[in-house]
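The block underneath contains the structure these notes are about, expressed in structure tokens.
The values are calculated or read from the model by the stated rules, or taken from the named source; none is laboratory data. The shown structure was predicted, so the numbers you read here are calculated from the model rather than taken from an experiment. Don't worry about glycine lacking a Cβ; one is built from the backbone with ideal geometry, like all the others, and counts go over all protein chains shown.
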Amino acid sequence: MSAPNEYSAVSEAPGRPIALVIALTLAVGGLVVSTVTGLVGTLLGALVGAGTNPDAAVPALVGVLLVTAEAGFVVVGYAFRQTDDGAEIVVDWIGRHRSKLRDAALVVGATVGLVAFNRTAFAVGELLGVDPVTAVSAPEELSVAVLAVLLPAMLLVVGPAEEYLFRGVVQGYLRRSFSAWGAVGWSALLFALVHLPNLVSAPEAGVVSIPVWLTIGVVLGWLYERTGALLVPVLVHGLYNAAVLTLLFAELGIV
């Protein structure tokens, strides 16, 4: 694999232990800030939507929560890039020297492959008697209107925000100290780490969910390293989430 970003020799690459500590701080910091901004967004959304029709209030609240929570990842990534350590990180969204047709084929192939892996992993989980964790924890509040908010949010908010921090910033930073696969692997591990709070209510689901998150992280990291275009993993991330959510809603009989 070839590195997506080229760094000038202005500063020496950090040692691997230091690079890992900083990357871990970015990941945990992203999770903490995301939690805070999400809570603030939820509170404001609840106050604004108080007394309104629940059928309209719930989808709106879901949208506000997603936007404000994901903004936390962007804030942390952007803030780090304003420091001396992060100033040399170059985040290229479109990759100017590659075939767009080839990138489109990678997006389609990776999305289909990840969705198939997700279905297989969840089927194995059911055989083991494990209820895999999904992004939705309150089925009684789900509706077609909620799905109509979630689908564009996956593509326009979740994918761009999380890929900006974990692939663009964290992986880009680690690439200065590690090999391509080293940077991809560590960023994937940190990506899985920030999803662990989803297991608080059902830790046994980690048997299925953790391998899925790790696999997604590795594939997205490889796509960024392979193409040099952050838009590629952004699209795969968003399309994967949208497809899995649609399948979930279909299985629940909502759509």
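Say we look at the stretch 165-217 and pick out the residues that are polar (S, T, N, Q) and assigned to a helix (DSSP H, G or I); which of these is nearest to Ala123 (Cα to Cα)? Break it down into steps so the answer makes sense when it comes.
Here is the first cut: in the stretch 165-217, the residues polar (S, T, N, Q) are 171, 177, 179, 187, 198, 201, 209, 215.
Retained after the next criterion (residues that are assigned to a helix (DSSP H, G or I)): 171, 187, 198, 209, 215.
Working: Gln171: 31, Ser187: 27, Asn198: 19, Ser209: 12, Thr215: 16 Å.
Here the residue is Ser209.
Find the residue count for the stretch 77-111, including only residues that are over 18 Å from Pro160 (Cα atoms) and either of a type in the set (D, E, K, R) or surrounded by 14 or more Cβ atoms within 10 Å (Cβ to Cβ) (or both).
First, the residues of the stretch 77-111 that are over 18 Å from Pro160 (Cα atoms): 82-88, 96-102, 105, 109.
Filter once more, keeping what is either of a type in the set (D, E, K, R) or surrounded by 14 or more Cβ atoms within 10 Å (Cβ to Cβ) (or both): 84-86, 88, 96, 98, 100, 102.
Number of matching residues: 8.
For the stretch 56-79, which residues satisfy the criterion of being within 18 Å of the chain's Cα centre (by Cα) and under 19 Å from Leu230 (Cα atoms)?
Step one: list which residues in the stretch 56-79 are within 18 Å of the chain's Cα centre (by Cα), which gives 62-78.
Correct list: Glu70, Ala71, Gly72, Phe73, Val74, Val75, Val76, Gly77, Tyr78.
Confirm whether Leu235 is touching a His at 6+ places or on another chain (Cβ under 8 Å), buried (at least 22 other Cβ atoms within 10 Å of the Cβ) and either assigned to a helix (DSSP H, G or I) or not polar (S, T, N, Q) (or both). Step through it out loud before you land on a result.
Working: touching a His at 6+ places or on another chain (Cβ under 8 Å): no; buried (at least 22 other Cβ atoms within 10 Å of the Cβ): yes; either assigned to a helix (DSSP H, G or I) or not polar (S, T, N, Q) (or both): yes.
When the stated conditions are applied, Leu235 does not pass them.
Looking at Gly228, Gly206, Gly253, which one is closer than 30 Å to Ser143 by Cβ, among the small types (Gly, Ala, Ser) and crowded, with 16+ Cβ neighbours inside 10 Å?
Values: Gly228 fails: closer than 30 Å to Ser143 by Cβ; Gly253 fails: crowded, with 16+ Cβ neighbours inside 10 Å.
Just a single option satisfies the conditions, and that option is Gly206.
Val64 fails exactly one of the following numbered conditions: (1) of a type outside the set (Asp, Glu); (2) touching a residue at least 24 places away in the same chain (Cβ under 8 Å); (3) part of a helix (DSSP H, G or I). What is the number of that condition?
(2)
If we keep just the residues of the stretch 238-255 that are of a type in the set (Gly, Ala, Ser) and part of a helix (DSSP H, G or I), which is modelled with the lowest pLDDT?
Within the stretch 238-255, the subset of a type in the set (Gly, Ala, Ser) is 238, 242-243, 250, 253.
Subsequent filtering for residues that are part of a helix (DSSP H, G or I) retains 238, 242-243, 250.
On the way: Gly238: 98, Ala242: 97, Ala243: 97, Ala250: 90.
Selected residue: Ala250.
Could you tell me whether any residue of the stretch 138-146 is assigned to a helix (DSSP H, G or I), modelled with pLDDT under 95 and among the charged types (D, E, K, R)? Full working, then the answer.
To start, the set of residues in the stretch 138-146 that are assigned to a helix (DSSP H, G or I) comprises 139-141, 144-146.
Narrowing the set further to residues that are modelled with pLDDT under 95 leaves 139-141, 144-146.
Applying the additional criterion that residues be among the charged types (D, E, K, R) yields 140-141.
The answer is yes; a qualifying residue exists.
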